[in-house]
Amino acid sequence: MEQRNWKIIKFLAVITIVFTILFWIRTTIKNEFSRMERENLLKLANSISMTDSEKIKENYQDLEYYVYDFEGNYEESLEGLNNTIKNLPDFSYGEEHALYEEIYISPKIITINNKKYFVVFSPIVKDYEVVAIMVQLHNAEDTIKLLNTIDIMFLIALTIFVIGFAIGIFSTDPVTTYAIIITFVVVLVFIVYPLYEAVKLTFTRTGTFTFNVWKTILTEKNYLKAFFNSILLGTLTATVSTIIGFLFAFLVTRTSIKGKKFISTMATLPVISPPFSLTLSIILLFGSNGLITKQLLKMNWDIYGLDGLVIAQTMGMFPIAYLTMVGVLESIDSTLEEAAMNLGASRWKIFSTITLPLSLPGLLSSWLLVFTNSVADFANPLMLGGKFNVLSVTAYLEVTGMNRLDRGAALSLLLLLPTLTAFYLQRYVVNRKSYVTVTGKPSGRIVEIVSPKTKIFLTTLVYIIVFFLIGLYSTIFMGCFVKNWGIDYTFTTANIKEALQRGKDALVDTTILASVAMPIAGIFSMIVAFLFVRKKFPGKKILQGLVLLPFSIPGTLIGISYVIAFNKPPIILVGTAAIIVINYIIRELPVGVEGGVATLKQIDPSIEEAAQNLGANPQTVFSTIILPLIRPAFISSLSYTFVRSMTAVSAVVFLISAKWYHITMQIYNFSENLRFGLASVLSSVLIIIILTVFGLLRILVKKSEYLEKTIVQ
């Protein structure tokens with residue numbers, strides 16, 4: 001009890017001292033700023049009072065002022081003066097100063113027409129005599145905002161110290177408590193707050209609550225057409241991608257074909273390549289001056305539009321369905337198929353009544369993931385959309401072309417409607433039935449249910465797609481050495497030199513920002529995963545939902561919401577490298593957390609408990625036991641963050657600046673200007689960098705001594 005009382009006394013004493021110091025700093029800063037503002041206002045007021053009345057309106061357009069002289073009736077001259085100014089308690093005092101040729105600034109801030117002003121009394125002197133008094137109204141909004149920001153920063157600093165010091169003194173596990181609080185703060189500041197600001201802007205465009213923005217969005221034909229186009233594109237892409245992904249996964253997991261590693265590698269390659277790369281190669285092959293359509297087949301087929309988008313998105317997104325279906329098909333117990341075969345069922349009957357129904361959760365998940373990615377996709381429609389407008393590009397043009405942030409935010413929020421609907425529909429269908437097949441020890445064998453002829457047919461289809469992918473990637477590399485694609489196919493190396501010279505800064509910026517985000521995102525995601533799996537605390541389920549939220553939010557919405565939220569006090573980040581890095585971390589956080597959670601659930605908690613019983617503190621347990629054991633998930637999180645950061649488009653397009661540019665936008669600019677050779681060079685360099693880093697990180701995973709297994713016979 002005495003020790004607790006001593007802690008309370010110590011806590012109160014330290015808080016009092018810190019409060020006094022912070023309050024002194026806050027007061028000093030506000031007083032110094034007010035002094036500087038007063039000096040600047042005096043100089044400005046003096047300059048205005050010495051300016052001719054005609055030039056005042058020309059040079060100081062935002063200035064409100066009143067002039068009353070003493071040549072006519074004094075009371076009549078005052079009639080035009082605003083009553084708010086007349087009622088100032090120091091009005092007579094201000095007049096007196098002006099009569100003595102002194103400028104007076106009232107300490108009172110007045111409000112006229114919902115705007116706040118500083119009131120300045122200044123004399124108008126003619127022939128060494130005061131002939132009139134000018135009352136100047138200077139905008140005080142910015143000054144008040146800054147002073148309020150200083151107060152807010154004081155309260156934030158004091159709150160952080162109080163909470164942190166209280167945890168350090170009273171908590172039995174301060175490190176974990178700090179981690180929980182920091183996670184909550186990060187989620188609230190960089191996920192909840194920007195989304196709130198985006199939603200708020202759509203209802204308060206003019207400063208008052210209104211539905212006008214949403215009324216415009218939901219009634220104009222162009223916006224509605226873009227919305228339905230997005231759904232159509234997402235539906236077609238998701239359906240085709242899921243079929244192809246299932247085909248690849250089925251052959252790799254349920255048949256004995258050769259070359260499985262090669263097929264699997266090709267099926268995952270688009271995941272780690274830039275989003276513009278496949279689109280660029282499709283334009284080079286099938287565009288208006290495409291090698292195949294124009295040069296070889298002499299066709300006038302226009303790749304720009306829905307058909308081109310479906311092809312580009314399918315080639316880039318079917319790996320999502322493949323990666324999902326591989327795990328699902330591997331987990332299906334083949335004894336059911338074997339039993340059906342022994343009872344005389346045909347191969348098609350077995351597939352249609354057992355394999356396919358048991359794959360339904362994976363198929364729906366695959367469809368949902370691809371649909372969400374397709375609807376939110378920005379890169380492909382930007383380059384291949386043509387006259388086929390989609391919502392993500394329309395939102396981008398509203399913000400960058402029309403400077404209508406409110407409409408851009410509303411359009412991006414509208415993208416949530418189809419994705420959330422698809423998500424809950426998938427959950428509803430899956431939860432209606434049970435798909436459990438592993439109730440004991442599963443069979444180690446897989447019964448091949450496809451006939452030899454069917455296997456040959458399916459294998460042929462897969463290899464056609466694989467070779468098409470190889471052709472697309474080969475086209476990118478070939479484009480580096482063509483003088484002018486579509487016109488002059490002369491071999492040249494000039495593109496490499498020019499592209500690297502013009503794209504060097506963007507390439508360096510992108511690599512630096514991705515390299516900074518990579519370790520932060522990796523470590524933070526593992527800490528959050530550890531909290532979710534191993535710790536119990538209030539608000540855990542809410543925090544889990546908020547952490548996973550960015551995965552379902554379109555990138556355009558995140559980019560627009562960041563511009564809205566962090567372009568004003570108290571947190572101004574727009575135009576800096578920090579906002580891009582934060583965007584990378586937050587966007588890829590859900591994937592890292594999910595990987596960490598899945599790995600931690602496979603590790604027995606007794607290992608950590610044994611270390612704690614031997615005296616290890618929580619940070620030692622995490623750094624020496626947990627982190628090494630979840631090394632594969634950690635490295636995967638690093639890899640994914642780096643790849644996605646290097647190839648980001650949809651959110652980062654709103655956050656780049658003249659100082660910090662992104663290589664994907666440089667590739668897009670080259671493509672828009674028909675400099676396909678330069679775009680091909682930068683795409684190739686980007687692919688090489690990503691594959692190099694990806695390969696190095698994969699080597700690190702294999703070297704993990706903690707998870708290596710020995711095969712015994």
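The values are calculated or read from the model by the stated rules, or taken from the named source; none is laboratory data. The structure displayed is predicted, hence computed values, not measured ones. Positions of Cβ are backbone-derived with ideal geometry, glycine not excepted, and every protein chain shown enters the neighbour counts.
Got a sec? Which of 183, 177 is outside the structural domain of residue 615 (by TED's automatic domain parsing), at pLDDT 85 or above, surrounded by 13 or more Cβ atoms within 10 Å (Cβ to Cβ) and hydroxyl-bearing (Ser, Thr, Tyr)?
Matching residue, one of 183, 177: 183.
Please identify the pairs in which a residue from segment 154-171 that is without any contact (Cβ under 8 Å) to a residue 24 or more places away in the chain has its Cβ atom under 8 Å from the Cβ atom of a residue that is among the aromatic types (Phe, Trp, Tyr) and assigned to a helix (DSSP H, G or I), counting only partners at least 6 apart or on another chain.
Short answer, once both residue conditions are applied: 164/178; 167/178.
Kindly establish whether residue 242 is surrounded by 14 or more Cβ atoms within 10 Å (Cβ to Cβ), modelled with pLDDT of 90 or more, touching a Phe, Trp or Tyr at 6+ places or on another chain (Cβ under 7 Å) and of a type in the set (S, T, N, Q).
Values: surrounded by 14 or more Cβ atoms within 10 Å (Cβ to Cβ): yes; modelled with pLDDT of 90 or more: yes; touching a Phe, Trp or Tyr at 6+ places or on another chain (Cβ under 7 Å): yes; of a type in the set (S, T, N, Q): yes.
Against the criterion (surrounded by 14 or more Cβ atoms within 10 Å (Cβ to Cβ), modelled with pLDDT of 90 or more, touching a Phe, Trp or Tyr at 6+ places or on another chain (Cβ under 7 Å) and of a type in the set (S, T, N, Q)), residue 242 qualifies.
So is residue 332 in contact (Cβ under 8 Å) with a residue 40 or more places away in the chain, under 30 Å from residue 284 (Cα atoms) and of a type in the set (Val, Ile, Thr) or not?
No.
Would you check if residue 607 is in a helix (DSSP H, G or I), farther than 30 Å from residue 205 by Cα and free of Cβ contacts under 8 Å to residues at least 40 places away in the same chain?
Taking the combined requirement at face value, the residue satisfies it.
Just name the residue that is surrounded by the fewest Cβ atoms within 10 Å (Cβ to Cβ) out of those in segment 446-483 that are in contact with a Phe, Trp or Tyr (Cβ under 8 Å, 6 or more places away or on another chain), not β-branched (Val, Ile, Thr) and not in a helix (DSSP H, G or I).
Only one residue fits best here, namely 483.
Name the single residue, out of those in segment 99-113 being over 51 Å from the mean Cα position of the chain (by Cα) and modelled with pLDDT under 85, that is surrounded by the fewest Cβ atoms within 10 Å (Cβ to Cβ).
Ranking the qualifying residues of segment 99-113, first place goes to 100.
So which residues in segment 209-265 are β-branched (Val, Ile, Thr) and over 30 Å from residue 390 (Cβ atoms), if there are any at all?
Of everything in segment 209-265, those that are β-branched (Val, Ile, Thr) and over 30 Å from residue 390 (Cβ atoms) turn out to be 252, 253, 255, 257, 263, 265.
Under 8 Å between Cβ atoms, which residue pairs at least 6 apart in sequence (or on different chains) link something in segment 18-36 that is hydroxyl-bearing (Ser, Thr, Tyr) with a partner that is assigned to a helix (DSSP H, G or I)?
34/147
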